[in-house]
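These notes concern the structure reproduced below.
The values are calculated or read from the model by the stated rules, or taken from the named source; none is laboratory data. What you see is a predicted model; the values in this text were computed from it and never measured. Using ideal geometry, Cβ is built from the backbone for each residue, glycine included, and neighbour counts are taken over all protein chains shown. What goes into the accessible areas is simple: the full protein's heavy atoms, side chains included, and nothing from ligands, DNA or RNA. Shrake-Rupley method; radii C 1.70, N 1.55, O 1.52, S 1.80 Å.
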Amino acid sequence: MRTVRTVAEVRELVRAERAAGRSIGLVPTMGALHDGHLSLLRQAGAACDVVVMSLFVNPTQFNEGADLDAYPRDEAADAQAARSAGCAILFAPDVKEVYPDGFCTTVEVAGPLTSTLEGAHRGPSHFHGVTTVVTKLLNMVQPDVAFFGQKDAQQALVIRRLVRDLDMPVRIVVGDTVREPDGLARSSRNVRLSGEDRARATGLSRALRAAEQAVVAGERDADAVAAAARATLTDFAVDPEYLAVVDPETLAPRTEIDGDVLVAVAARVGAVRLIDNVLITTTPNGRG
Ligand code: PAF
């Protein structure tokens with residue numbers, strides 16, 4: 001695996017691979033790799049000839065300085081994990097390479113996709129930071145396929161919209177959420193959960209299971225499904241920032257469970273903000 005830090009270097013390596021007829025997959029990350037990232041890297045390796053992973057803790061998508069400062073950073077461990085999962089090129093630019101002096105462009109996806117759920121709680125500037133850096137990473141690496149995780153379901157929708165709206169020549173693949181054995185969605189933030197909070201954190205996935213079970217049992221009223229999930233969160237002493245039953249494409253609130261719905265939750269457990277979601281379908285063979 002080669003590690004490069006400049007746009008010129010990554011472009012040169014990618015250009016040579018492409019000239020040899022090889023396809024390029026990009027897995028954008030902020031490091032602190034966990035099994036979710038490794039699963040995306042393996043998926044990229046199965047779909048593309050050459051896997052590039054970007055490692056860049058993007059300051060513009062953090063709305064709290066403390067959250068940016070607390071973000072776990074260990075490039076050596078990440079490099080080793082990425083190599084073992086099949087990464088061929090690690091692109092780890094520093095902040096000045098991505099945002100040089102004078103940088104003043106923002107790429108925004110407007111409307112409810114960025115203003116609801118995470119956008120309503122973290123502010124839409126969070127997604128503007130994501131779409132700006134993802135646009136830059138896609139321009140820098142120019143992959144055939146880019147891979148994102150379903151745990152950040154709203155981010156994945158925003159990026160799909162970005163790529164469609166700007167006619168970017170890249171295919172977006174969204175990989176399934178990878179979970180701990182007790183159901184907690186893998187996240188770089190999990191390492192910051194203390195003993196008791198770690199146990200409470202399982203309340204999020206349990207709540208989503210409760211929502212799913214309510215639908216399986218025949219419940220079709222979205223408020224009742226949300227109430228089942230909220231009751232489970234209460235059992236785990238977790239107070240959600242939001243728990244919403246929404247359309248999985250537009251994120252518009254749903255009143256009735258008919259076809260596919262996304263149930264999304266965000267909560268602070270101790271000092272750690274966690275998100276999770278589940279796609280529930282009433283269509284017999286999955287997504288309709
Ligand atoms: O999901 C992430 O880790 C980040 O939001 C991303 C896509 C790498 C952009 O900084």
Query raised in the report: Which of 121, 132, 45 sits farthest toward the positive end of the charge dipole of segment 45-141, with +1 on the Cβ of Lys and Arg and -1 on the Cβ of Asp and Glu?
Result: 45
Requested in this report: Work out which helices of the chain, taken as complete DSSP H runs, extend at least 30 Å along their axis over the Cα atoms and score a mean Kyte-Doolittle of -1.0 or more, then list them.
Outcome: 195-216
Report task. Using a Gaussian network model of the chain whose springs link C-alpha atoms within less than 10 Å, name the residue from 104, 87, 48 with the highest mean-square fluctuation. Result -> 104
Report task. Among DSSP beta bridges whose residues both lie in the chain, state the antiparallel percentage, nearest 5. Result -> 50 percent
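Ignoring ligands, DNA and RNA, what percent of the accessible area of segment 1-132 is carbon or sulfur (1.4 Å)?
On the way: 3110 of 6030 Å².
Roughly 52 percent of what the probe reaches on segment 1-132 is carbon or sulfur.
Ignoring ligands, DNA and RNA, please state the percent of accessible area on segment 234-288 from carbon and sulfur, probe 1.4 Å. Could you put the intermediate results ahead of the total?
Numbers: 1280 of 2530 Å².
C and S atoms contribute 51 percent here.
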Query - Max mean-square fluctuation residue, GNM over the chain, Cα-Cα springs under 10 Å, options 19, 88, 229 - result: 19
Query raised in the report: Between residue 179 and residue 283, what is the spin-label point distance in nm, taking each point 7 Å from the Cα along the Cα→C-beta axis?
Result: 2.2 nm
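Write down the accessible area per residue of segment 3-46 in Å², having rolled a 1.4 Å probe over the full set of protein chains.
Working: 2000 Å² over 44 residues.
Roughly 45 Å² per residue, with all protein chains present.
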Report task. Let me know the longest stretch in the chain that avoids all GluC sites (Glu not before Pro) found in a DSSP loop with at most 12 other C-beta atoms within 10 Å. Result -> 65-248
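Quick check: with the 1.4 Å probe, what order do 280, 275 take by accessible area, largest first?
275, 280
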**Report entry** Computed P(r) (all Cα pairs; the chain; 5 Å bins; percent)
**Finding:** 1, 5, 12, 15, 18, 17, 13, 9, 5, 3, 1, 0
Report task. Write down Rg/Rh for segment 107-165, rounded to two decimals, with Rg from the C-alpha atoms and Rh from the Kirkwood relation over Cα pairs. Result -> 0.95
Report summary line: Within the set 270, 65, 36, GNM on the chain using Cα springs under 10 Å gives the largest fluctuation to 65
Query raised in the report: Under unit Cβ charges (Lys, Arg +1; Asp, Glu -1), what dipole magnitude, rounded to 20 debye, does the chain have relative to its Cα centre?
Result: 640 debye
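Ordering 144, 235 by how much accessible area each has at a 1.4 Å probe, largest first, what is the list? Walk me through the numbers on the way to the answer.
On the way: 144 60, 235 125 Å².
The ordering from most to least exposed comes out as 235, 144.
Relative contact order for segment 229-276: what is it in percent, counting Cα pairs under 8 Å that are at least 6 residues apart? Don't skip to the answer; put the middle values down first.
Numbers: 65 pairs, mean separation 16.1, N = 48.
For segment 229-276, the relative contact order is 34 percent.
What is the chain's relative contact order, in percent, from Cα pairs under 8 angstrom and six or more apart in sequence?
Result for the chain is 16 percent.
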Report task. Considering Cα pairs under 8 angstrom that are at least six residues apart, work out the relative contact order of segment 1-78 and quote it in whole percent. Result -> 31 percent
Query raised in the report: Per-residue accessible area for residue 167 at 1.4 Å probe radius, Å² rounded to 10?
Result: 130 Å²
